[in-house]
Amino acid sequence: MIDWSHTALTIVVILGGALTLAGLLIWVERRLLGIWQERYGPNRVGPGGLLQALADMIKMFTKEDWIPPFADKAVFVLTPAIVVITALMSFAVVPIAPGFVVADLNMGILFFLAMSSLAAYSVIIGGWASNSKFAFLGSLRAIAQLLSYEVFMGLSLMGAVLLAGSFNLSDIVEAQRHLWFVVPQFLGFLGFFMAGLAEAHRTPFDMPEAEAELVAGYHAEYSGMKFGMFFVGEYLSVIVLSAMIVILFFGGWHGPWLPPVVWFFLKTSGFIVLIFLIRATWPRVRFDQLLSFGWKVVMPLALINLLVTGGIVLARMGEGR
Amino acid sequence: MEILFYIAAAVTLLATVRVITHVHAVHALLYLVVALIALALIFYLLGAQFAAALEIIIYGGAIMVLFIFVVMLLGPLAVEQEKSWLTPGTWVGPNVLALVLLGEVGYLIAAGDHLPIDFMETRRKGVSIVLYGPYIIGVELASMLLLPGLIGAYHLGRRVPKESR
């Protein structure tokens, strides 16, 4: 039977935690970028600038919420919701500690992939509904990008699935008790990390919103809290991406001495900071570079990785017989 | 829990009707995405979790994105064209024929002793065993069918040397 009160409590904790963290990360990223660029970053509001995200939120709520007269109104309004909803839905299958998960689905990984493929609509439809050239170019780039990363995103995960023998994320974490999958699945890890960066539209793959060329790409026409939702959605998908990397390749909650939740939190934070560091140091690539690199290099590597992993798993099963 | 099925089925049907009747192509495709998600929910309710996930990942995600990609490029002119196509003259004929079929289905349901809707829970293992066991030739044939498409696409998309242009 489903324990409703336990589930409800988990949902509240995870949703509240994720949204607060997403707000906090905006400040963390600006502070870290500042430090890496030898300046302070936002340090005026609250202790160390901690309340900057709150101030930004108040600012965004009080701004004029403008819908361009040439936009496709219904779709334009609907779109920012998609990005936040799909990102928050992904948290449902993320196991933070043993038993600390909203829905321990049998097909957790597939659920995550389904949500990430639906999240792409927010960018594509948002750019189209804005009915402006810059936004439209942004969404065209998003589609080209989607076509290049989505295939090897799924493929690079399947090695970990094969080794664990399950689509269930808790089982996958449990299978890494002795050896993190990043060791046997290093190629898979690289492929998934790259696909994840492209999926979250983070540097070096943030071509759909390239501010130097496309103003702000697909969300150029969005203002006020609608823009805020795109913004928060991006940070939410950064958190989901880091959490998935930790679960699939870095042993999830496993670790010595400290309690599981702390380990999960530490590892996830590590990857979030790594993603920020990549933004601080890497230039943006051209999207034809991403396309050809994705199809000609990462995709074959992911296939070879899958083939070899499958062979090893089969051979091991033969020995066990 | 049957009510869940009927709600999902109603959503699927309504969304599909809107796909056909909507004159704006992108909006119609968005309804199609909704229909596919509702269909995935039906699969899930019938116990086919794996099919539900694939329905969203492959159809709801990848394939519909390609559709929308192409249709997005059509622009607003397409709306007028679509309106001119949706005259009663075009849709009355097929609808009458479909009504005949609907009548037959209604008769079958009314006449036959209660049709047993017995389904069994199909997990990914069961699907895979059947697909790569007795139906392996079908799978191979389907993959061969994809190969000509791939080669054709490669032929159309290949770069022509500058001299021969």
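The values are calculated or read from the model by the stated rules, or taken from the named source; none is laboratory data. Since the structure is predicted, the reported quantities are computational estimates derived from the model, not experimental observations. Cβ atoms come from the backbone with ideal geometry, glycine included; neighbour counts cover every protein chain shown.
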Quiz item: Right, residue B:43: of a type in the set (Phe, Trp, Tyr), in a helix (DSSP H, G or I) and under 13 Å from the mean Cα position of the chain (by Cα) or not?
Solution: no
Quiz item: Does residue B:109 satisfy the condition of being more than 30 Å from residue A:117 (Cα to Cα), at pLDDT below 80 and part of a helix (DSSP H, G or I)?
Solution: yes
Exercise. For residue A:230, work out the one condition from (1) in a helix (DSSP H, G or I); (2) free of Cβ contacts under 8 Å to residues at least 60 places away in the same chain it doesn't fulfil.
Key: (2)
Quiz item: If you scan segment A:194-227, which residues turn out to be in a helix (DSSP H, G or I), within 20 Å of the chain's Cα centre (by Cα) and over 19 Å from residue A:82 (Cβ atoms)?
Solution: A:194, A:195, A:197, A:207
Self-check item: Any chance residue A:148 is within 13 Å of chain B (Cβ to nearest Cβ) and of a type outside the set (Phe, Trp, Tyr)
Solution: yes
Quiz item: Which of the following residues is under 22 Å from the mean Cα position of the chain (by Cα) and away from every other protein chain (no Cβ under 14 Å): A:50, A:33, A:78?
Solution: A:33
Quiz item: Is there a residue being surrounded by 10 or more Cβ atoms within 10 Å (Cβ to Cβ), in contact (Cβ under 8 Å) with a residue 40 or more places away in the chain and outside any loop (DSSP other than H, G, I, E, B) anywhere in segment B:135-158?
Solution: no
Practice problem: Residues being at pLDDT 80 or above and over 19 Å from residue A:138 (Cβ atoms): count how many of those fall in segment B:65-87. | Solution: 1
Quiz item: Of these, B:63, B:68, which one is more than 9 Å from every other protein chain (Cβ to nearest Cβ), in a helix (DSSP H, G or I), under 23 Å from residue A:152 (Cβ atoms) and among the β-branched types (Val, Ile, Thr)?
Solution: B:63
Quiz item: Can residue A:253 be described as part of a loop (DSSP other than H, G, I, E, B), at negative phi and buried (at least 21 other Cβ atoms within 10 Å of the Cβ)?
Solution: yes
Quiz item: Limited to segment A:45-86, what total is found for residues that are in a loop (DSSP other than H, G, I, E, B), closer than 30 Å to residue A:131 by Cβ and aliphatic (A, V, I, L, M)?
Solution: 2
Quiz prompt | The listed residue being within 13 Å of chain B (Cβ to nearest Cβ), within 27 Å of residue A:226 (Cβ to Cβ), of a type in the set (S, T, N, Q) and surrounded by fewer than 22 Cβ atoms within 10 Å (Cβ to Cβ), out of A:131, A:106, A:168 | solution = A:131
Quiz item: Among the numbered criteria (1) surrounded by 14 or more Cβ atoms within 10 Å (Cβ to Cβ); (2) free of Cβ contacts under 8 Å to residues at least 12 places away in the same chain, which single criterion is violated by residue A:260?
Solution: (2)
Quiz prompt | Among the candidates A:153, A:89, A:158, residue that is within 11 Å of chain B (Cβ to nearest Cβ) and either assigned to a helix (DSSP H, G or I) or touching an Asp or Glu at 6+ places or on another chain (Cβ under 9 Å) (or both) | solution = A:153
Quiz item: Can you tell me which residues in segment A:134-144 are within 12 Å of chain B (Cβ to nearest Cβ) and surrounded by fewer than 24 Cβ atoms within 10 Å (Cβ to Cβ)?
Solution: A:136, A:137, A:140, A:143, A:144
Practice problem: Specify which of the listed residues (A:99, A:126) is at positive phi and either surrounded by fewer than 23 Cβ atoms within 10 Å (Cβ to Cβ) or of a type outside the set (Lys, Arg) (or both). | Solution: A:99
Self-check item: Which listed residue is more than 18 Å from residue B:63 (Cβ to Cβ) and assigned to a helix (DSSP H, G or I), from B:3, B:37
Solution: B:3
Exercise. Can you work out which of the residues in segment A:210-239 that are at positive phi and among the small types (Gly, Ala, Ser) is surrounded by the fewest Cβ atoms within 10 Å (Cβ to Cβ)?
Key: A:224
Exercise. Please go through segment A:56-75 and pick out each residue that is of a type in the set (A, V, I, L, M, F, W, C) and free of Cβ contacts under 8 Å to residues at least 60 places away in the same chain.
Key: A:58, A:67, A:74, A:75
Quiz item: Among the listed residues A:275, A:304, which satisfies the condition of being closer than 21 Å to residue A:36 by Cα, assigned to a helix (DSSP H, G or I) and not basic (Lys, Arg)?
Solution: A:275
